[in-house]
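Down below is the structure, laid out as structure tokens.
The values are calculated or read from the model by the stated rules, or taken from the named source; none is laboratory data. Since this is a predicted model, take the numbers as computed values, not measurements. Methodologically, a virtual Cβ is constructed for each residue, glycine included, from the backbone with ideal geometry; neighbour enumeration extends over all protein chains shown. For accessibility, only protein heavy atoms count, side chains too; no ligands or nucleic acids. Shrake-Rupley method; radii C 1.70, N 1.55, O 1.52, S 1.80 Å.
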Amino acid sequence: MIPVTRRLFLSGTAAAVCALSSGAALLGPATTAFAQTAAPKRGGVLRISVDQAASVIHPLRTRVNPEYLVAELLYSGLTRLGPEMTAEPDLAESWSPDASLTEWTFTLRPGLTFHDGSPCTAKDVVATFTAILDPKTASPGRTNVGPIKEVVARDDRTVLIRLQSPFADLPVTLAYTNARIIPAAVIEGDLDSLSRTAIGTGPFKLVSFEPDRKIVVERNPAYYDPARPYVDRVEVLVYPDRTAEASALISGDTDLMMATAPGEFQRLGKASGVKTLRVPSGQFLNVNMGCDQKPFSDVRVRRALALTIDRDAMVGFVAGGYGTPGNDSPVSPAYHFYKEMPLRKADVAQAKKLLAEAGYPNGVDLTLIASDKPGTRTDLAVAIREMAKAAGFRIQVQTMPHATYLDQVWKKGNFYVGFYNMQATADAIFSLLYTSDAAWNETRWNNSAFDALVAEARTKTDEAERQALYAKAQQLMHDEIPSVIPVFFDLLAAQRAYVQGYGLHPRGSVFRLDFVSLGADAPKRG
């Protein structure tokens with residue numbers, strides 16, 4: 001077996017690359033569990049590192065993992081997502097639907113308060129969801145919290161959610177990253193103030209916010225669970241350089257590295273006092289193509305590009321062997337309702353034929369844009385550039401700072417590399433990215449048949465019926481290819497051995513740091 005290396009791609013030996021069938025050898029299994037190895041100990045300062053700034057602190061507008069992390073520390077939802085991708089109580093202690101699955105009643109815990117001491121009641125829940133569903137708020141949660149028609153406060157502790165159609169997944173979708181409950185008074189006054197400060201009900205309170213350097217939170221003494229959080233303070237440190245970030249963990253300057261690249265993962269696995277973490281996921285990179293603009297408005301061009309890609313080789317080069325091949329659907333084997341289909345194989349001759357039929361017999365010139373965060377975006381872009389050459393795709397790769405990418409390219413560009421976490425359900429990933437009304441409708445595919453399949457699946461409670469509908473939706477995506485999805489990633493992270501109670505969540509944007517404690521040998525920090 002020949003390992004796929006960055007040197008091989010960058011040397012321009014694309015023909016050799018496309019003949020490869022597998023990637024780097026895997027290390028032994030890493031820890032994934034959330035379990036405590038000993039009784040949780042109260043106290044201490046937990047230092048965690050992230051590789052990009054948490055620029056957006058507004059809980060209804062967060063977009064990337066460091067922002068989701070900070071929002072989860074400071075805010076709560078009605079429900080939260082457990083390690084098994086099921087809904088757990090958060091602010092709501094219980095819930096139940098009516099027989100038609102169109103009305104759900106949620107009962108809040110007693111005595112809830114926000115960080116400023118004001119009570120958190122059903123009125124705040126109603127105001128929050130009204131804001132989320134208002135297009136002016138620009139919250140990604142608007143199309144990802146379920147088909148909500150109306151939210152009503154029956155009394156201070158009882159919330160009634162009326163739906164537009166039956167929806168069995170509502171408790172799970174209410175755990176969405178942007179569905180954090182905020183004070184009605186803030187919404188009615190200055191909603192944008194939450195871009196500068198934080199008033200939540202979460203396990204921690206904001207102390208300081210320097211998005212490019214350091215974010216500090218401290219234990220919320222009024223949190224609804226008096227036993228948690230276990231640590232006194234959490235410091236989120238930004239390390240734009242991955243090598244420096246790993247070195248900080250090895251030296252003990254930090255305690256938990258939220259995500260690591262495969263190369264650093266292997267290095268960390270050999271370090272004394274460090275424990276590596278790994279879990280399969282539906283996290284993926286994709287190549288978004290503007291289906292409303294030439295040349296990608298012609299499905300033959302999209303199919304041609306998809307046929308240039310050796311997906312097994314992509315796992316080796318882009319994921320370092322820590323992942324599985326993608327098949328141009330965002331639903332990986334980690335999802336419920338996954339449909340297994342034959343893996344699309346590279347066929348350069350057929351790709352050239354399709355390009356010619358689409359009006360490009362001499363090939364086509366394109367610019368593929370990649371953010372510099374995470375670095376695997378550029379890796380994927382370079383790999384596609386090399387693989388697609390033989391079919392007539394002349395691709396220039398342009399890498400730009402992540403902040404510039406978000407401002408100028410994301411949801412606007414015609415050909416760029418996206419990066420997404422696994423969502424809680426198949427409906428959630430479709431509704432986030434690929435339905436015509438998706439919050440992040442990057443491809444502008446706008447396929448009415450696909451929309452109808454997803455909409456119908458939402459209304460079903462029978463597992464077999466839902467499986468059949470989601471299978472058709474996945475098949476349609478595989479055939480039409482609004483975006484190329486060549487690889488799914490295992491999630492990789494690392495921690496000091498004295499960190500207890502932390503585990504990688506397959507969702508990728510769920511962290512549960514209120515369950516983390518520090519062992520007796522953890523460093524004492526002021």
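Can you pull out the residues in segment 460-480 that are under 25 Å from the mean Cα position of the chain (by Cα) and either surrounded by fewer than 18 Cβ atoms within 10 Å (Cβ to Cβ) or not small (G, A, S) (or both)?
Keep residues of segment 460-480 that are under 25 Å from the mean Cα position of the chain (by Cα), which gives 466-467, 469-480.
Of everything in segment 460-480, those that are under 25 Å from the mean Cα position of the chain (by Cα) and either surrounded by fewer than 18 Cβ atoms within 10 Å (Cβ to Cβ) or not small (G, A, S) (or both) turn out to be R466, Q467, L469, Y470, K472, Q474, Q475, L476, M477, H478, D479, E480.
Across segment 318-329, what is the number of residues that are β-branched (V, I, T) and open to solvent by 20 Å² or more (accessible area, probe 1.4 Å)?
Quick first cut of segment 318-329, residues β-branched (V, I, T) only: 318, 324.
Okay, now just the ones that are also open to solvent by 20 Å² or more (accessible area, probe 1.4 Å), so 324.
Here the count works out to 1.
Here is a check on your reading of the model: is S165 over 20 Å from V516 (Cβ atoms), open to solvent by 20 Å² or more (accessible area, probe 1.4 Å), of a type in the set (G, A, S) and in contact with a Ser or Thr (Cβ under 7 Å, 6 or more places away or on another chain)?
Numbers: over 20 Å from V516 (Cβ atoms): yes; open to solvent by 20 Å² or more (accessible area, probe 1.4 Å): yes; of a type in the set (G, A, S): yes; in contact with a Ser or Thr (Cβ under 7 Å, 6 or more places away or on another chain): yes.
Yes; evaluated as a whole, the condition is true for this residue.
So if I check each of T367, T378, which one is within 22 Å of the chain's Cα centre (by Cα) and over 15 Å from D310 (Cα atoms)?
From the options T367, T378, the qualifying one is T378.
Per-residue answers, yes or no, for (1) in contact with a Leu (Cβ under 8 Å, 6 or more places away or on another chain); (2) surrounded by fewer than 19 Cβ atoms within 10 Å (Cβ to Cβ); (3) of a type in the set (S, T, N, Q):
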site: E245; (1), (2), (3): no, no, no
site: G252; (1), (2), (3): no, yes, no
site: F265; (1), (2), (3): yes, no, no
site: C291; (1), (2), (3): no, no, no
site: L305; (1), (2), (3): no, no, no
site: G316; (1), (2), (3): yes, no, no
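Kindly provide the set of residues from segment 502-517 that are open to solvent by less than 10 Å² (accessible area, probe 1.4 Å) and under 19 Å from P221 (Cα atoms), ordered by number.
Within segment 502-517, L513, D514, V516, S517 meet the criteria.
Scan I181, I215 and give me the residue that is of a type outside the set (K, R), crowded, with 20+ Cβ neighbours inside 10 Å and in a strand (DSSP E or B). Talk me through it step by step, then tell me what you get.
Details: I181 fails: in a strand (DSSP E or B).
One residue alone meets the criteria, I215.
For segment 276-286, check the following and say yes or no: at least one residue is open to solvent by 30 Å² or more (accessible area, probe 1.4 Å), farther than 30 Å from A426 by Cβ and either assigned to a loop (DSSP other than H, G, I, E, B) or in contact with a helix residue (DSSP H, G or I) (Cβ under 9 Å, 6 or more places away or on another chain) (or both).
Keep residues of segment 276-286 that are open to solvent by 30 Å² or more (accessible area, probe 1.4 Å), which gives 278, 280.
Adding the requirement that they be farther than 30 Å from A426 by Cβ leaves none.
Scanning segment 276-286 turns up no residue that is open to solvent by 30 Å² or more (accessible area, probe 1.4 Å), farther than 30 Å from A426 by Cβ and either assigned to a loop (DSSP other than H, G, I, E, B) or in contact with a helix residue (DSSP H, G or I) (Cβ under 9 Å, 6 or more places away or on another chain) (or both).
Can you tell me which residue in segment 132-157 is least open to solvent (accessible area, probe 1.4 Å), limited to those that are touching a helix residue (DSSP H, G or I) at 6+ places or on another chain (Cβ under 6 Å) and assigned to a strand (DSSP E or B)? Give the steps one after another, and end with the answer.
Here is the first cut: in segment 132-157, the ones touching a helix residue (DSSP H, G or I) at 6+ places or on another chain (Cβ under 6 Å) are 132-133, 137, 139, 141-146, 151, 153, 156.
Then keep just the ones that are assigned to a strand (DSSP E or B); that gives 151, 153.
Details: V151: 22, A153: 48 Å².
Among them, the one singled out is V151.
Restricting attention to segment 218-255, which residues are under 26 Å from the mean Cα position of the chain (by Cα), free of Cβ contacts under 8 Å to residues at least 40 places away in the same chain, within 23 Å of A494 (Cβ to Cβ) and not in a loop (DSSP other than H, G, I, E, B)?
T243, A244, S247
Does segment 497-506 contain at least one residue that is more than 30 Å from A71 (Cα to Cα), touching a Phe, Trp or Tyr at 6+ places or on another chain (Cβ under 8 Å) and not small (G, A, S)? Lay out the reasoning, then the answer.
Our first condition is that a residue be more than 30 Å from A71 (Cα to Cα); within segment 497-506, this holds for none.
No, that holds for no residue.
What number of residues within segment 54-86 satisfy the criterion of being among the charged types (D, E, K, R) and modelled with pLDDT of 90 or more?
4
So which residues in segment 93-119 are assigned to a loop (DSSP other than H, G, I, E, B) and touching a Leu at 6+ places or on another chain (Cβ under 7 Å)?
Taking segment 93-119 as the starting set, the residues that turn out to be assigned to a loop (DSSP other than H, G, I, E, B) are 98-102, 109-112, 114-118.
Hits for segment 93-119 are T102, R109, L112.
With respect to S21, determine if the residue is closer than 30 Å to K270 by Cβ, at pLDDT below 50 and either in a loop (DSSP other than H, G, I, E, B) or touching a strand residue (DSSP E or B) at 6+ places or on another chain (Cβ under 6 Å) (or both). Write out each step before concluding.
On the way: closer than 30 Å to K270 by Cβ: yes; at pLDDT below 50: yes; either in a loop (DSSP other than H, G, I, E, B) or touching a strand residue (DSSP E or B) at 6+ places or on another chain (Cβ under 6 Å) (or both): yes.
For S21, the condition - closer than 30 Å to K270 by Cβ, at pLDDT below 50 and either in a loop (DSSP other than H, G, I, E, B) or touching a strand residue (DSSP E or B) at 6+ places or on another chain (Cβ under 6 Å) (or both) - is met.
Quickly run through segment 421-469 and pick out the residues that are closer than 16 Å to P147 by Cα, modelled with pLDDT under 95, out of contact with any Lys or Arg (no Cβ under 7 Å at 6 or more places or on another chain) and not in a helix (DSSP H, G or I).
T425, D437, A438, T459, T461
With the condition kept exactly as written, say whether any residue in segment 442-453 is within 15 Å of V484 (Cα to Cα), among the aliphatic types (A, V, I, L, M) and open to solvent by less than 50 Å² (accessible area, probe 1.4 Å).
As a first pass, look at segment 442-453 and keep what is within 15 Å of V484 (Cα to Cα): 442-445.
Right, trim to among the aliphatic types (A, V, I, L, M) and you get none.
Among the residues of segment 442-453, not one is within 15 Å of V484 (Cα to Cα), among the aliphatic types (A, V, I, L, M) and open to solvent by less than 50 Å² (accessible area, probe 1.4 Å), which makes the answer no.
Could you check how many residues of segment 486-517 are of a type in the set (F, W, Y) and not in a loop (DSSP other than H, G, I, E, B)? Lay out the reasoning, then the answer.
Filtering segment 486-517 down to residues of a type in the set (F, W, Y) leaves 488-489, 498, 502, 511, 515.
Of the ones still in play, those that are also not in a loop (DSSP other than H, G, I, E, B) are 488-489, 515.
Counting residues in segment 486-517 that are of a type in the set (F, W, Y) and not in a loop (DSSP other than H, G, I, E, B) gives 3.
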